[in-house]
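All remarks here apply to the structure that follows.
The values are calculated or read from the model by the stated rules, or taken from the named source; none is laboratory data. Because the structure is predicted, anything quoted here is derived from the model rather than measured. Here the Cβ is made from the backbone with ideal geometry for all residues, glycine too, and neighbour counts use every protein chain on show.
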Amino acid sequence: MLSILWPTLATGQERLTLDRIEFVGQKRLSVSQLTSLSELKIGQVVDTNIFDAAAGKLLQSGLLRKLSYRVRSAKGRATITFTLEEAAANLPVVFENFVWFTEEELASAIRADVPFYNGTAPATGETLDKITAALQRLLDQRKITGRVEAVPNLTGEKFQLIFTVRGSKVPVCSIHFPGGKVVSEAELVKASQPILKAEYSQKDIAAFPQTSLMPLYRHLGHLRAQFQTPAVVFENSTQCPSGVVVTIPVEEGAAFTWGRSEWNGNEKLTVDELAAALGMNPGELADGTKIENGLKQVRLAYARRGHITAQVKETFEVEPTSSQVNYKFLINEGPRYFMGELIISGIAQADADQLKAKWKLGSNTVFDETYIEEFRQTVMPDFIRALVQKSPTRARVKAEFQTRPDAVRNTVDVLITFK
């Protein structure tokens, strides 16, 4: 959006000498960055067309959402004041597979075209185009095959702007884990086969240890094990043609035993019931896998009582004088849900009525989410066999279960669809 005011000029084409450039409304961007984007220079001769062009350059950068300007003049000299509203925060830039260059080399190449580059960029606009062009030029200069693309991506809970080289294969030749003892380096490498069988991806390499390797340590009670930032080295040898060697140092930390648990927010289940579902006993190894499975049982205990949206948040503290760990659990039980309708489709009405007669959750009774799996295992096999015998041309019958909660009425419809 652009609006323009020339309150003191008799004609839009009057030529003046630019004496001052002002900006109002900026928060993250500096005056020098904005001045550079406008391409205006103090002392140059200006007119309406030049100011319009400068405003256009500012808007095309993708860094601004709104822009207006006004010009004041006296004795042939002009002051321009831009009033602006910045676009949503720029996204952190991630170089997905630019393994041929250091971060410094990439930033230097970008700043040749975008002097104010600071590791972030807008998701659209001229600035994004300039960064993409600068990176492409760097590839072409090194005669590296590939096309640069930029895509916003949600990683964890934050958005990033991912720059990727498409069309250039970069295999992961080997991966190392210095510091691995409790879980040996050989075990960690074996668990990392998905990485070794794929092309290099900075995003995937960074996420992999937390999702796929941390469970190995949590299972052994090493709840504070940490994987450091991966180091990547490009190689072009017989053993590793145009690939990378990845090194991820690990700090294993100490193993902990279970101390005690503290529960808050629970009303429908007692502390004893919750502790029994969790299944952890004082003095035993604080096995993270067992704790996670225990929390699943806690959620199932609530689901049996109709609290299908119950949530449990956990934190833990280590006792400073021992290797014991104490957990605190905050529970949001949510509303209680009741059985709505049982809706069966894909079979004859008589067969559907027969199946409904076997369903034990009556309308408006407390909804037990675990009953669905029980019904699937105990009732459905015989019922499906009977359907197949009744219709020999129907060699295979599949039943899909779906729940449809209604948060207004606090009911749950169960849908069984035969295919």
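Can you tell me which residue in region 62-85 is surrounded by the fewest Cβ atoms within 10 Å (Cβ to Cβ), limited to those that are among the basic types (Lys, Arg) and within 36 Å of the chain's Cα centre (by Cα)?
Filtering region 62-85 for residues that are among the basic types (Lys, Arg) and within 36 Å of the chain's Cα centre (by Cα), the one surrounded by the fewest Cβ atoms within 10 Å (Cβ to Cβ) comes out as 65.
Determine whether region 219-229 contains at least one residue that is over 27 Å from residue 318 (Cβ atoms), at pLDDT 95 or above and not assigned by TED's automatic domain parsing to the domain that holds residue 316.
no
Considering only region 306-346, state which residues are under 16 Å from residue 271 (Cα atoms) and crowded, with 16+ Cβ neighbours inside 10 Å.
310, 312, 326, 327, 329, 331, 333
With the checklist (1) modelled with pLDDT of 95 or more; (2) assigned by TED's automatic domain parsing to the domain that holds residue 273 in hand, flag the one item residue 323 doesn't pass.
Tallying (1) modelled with pLDDT of 95 or more; (2) assigned by TED's automatic domain parsing to the domain that holds residue 273, residue 323 fails exactly one: (1).
For region 347-367, check the following and say yes or no: at least one residue is crowded, with 18+ Cβ neighbours inside 10 Å, modelled with pLDDT of 95 or more and assigned to a strand (DSSP E or B).
no
Please state which one of 187, 235 is among the charged types (D, E, K, R), under 25 Å from residue 100 (Cβ atoms) and either at pLDDT 90 or above or in the same structural domain as residue 284 (by TED's automatic domain parsing) (or both).
Answer to the selection: 235.
I'm trying to understand the selection: among the residues of region 32-61, which are closer than 18 Å to residue 72 by Cβ and surrounded by 12 or more Cβ atoms within 10 Å (Cβ to Cβ)?
35, 38, 40, 46, 47, 48, 50, 51, 52, 54, 55
Is there a residue in region 117-138 that is more than 20 Å from the chain's Cα centre (by Cα), part of a loop (DSSP other than H, G, I, E, B) and farther than 28 Å from residue 66 by Cβ?
Checking region 117-138: not a single residue is more than 20 Å from the chain's Cα centre (by Cα), part of a loop (DSSP other than H, G, I, E, B) and farther than 28 Å from residue 66 by Cβ.
State whether the residues of region 246-253 include one that is out of contact with any Ser or Thr (no Cβ under 7 Å at 6 or more places or on another chain), surrounded by 15 or more Cβ atoms within 10 Å (Cβ to Cβ) and over 28 Å from residue 208 (Cα atoms).
no
Yes or no: residue 225 surrounded by 19 or more Cβ atoms within 10 Å (Cβ to Cβ) and under 30 Å from residue 199 (Cβ atoms)?
Criteria met by residue 225.
Can you tell me which residue in region 361-419 is nearest to residue 296 (Cα to Cα), limited to those that are of a type in the set (S, T, N, Q) and out of contact with any strand residue (DSSP E or B) (no Cβ under 9 Å at 6 or more places or on another chain)?
Here the residue is 370.
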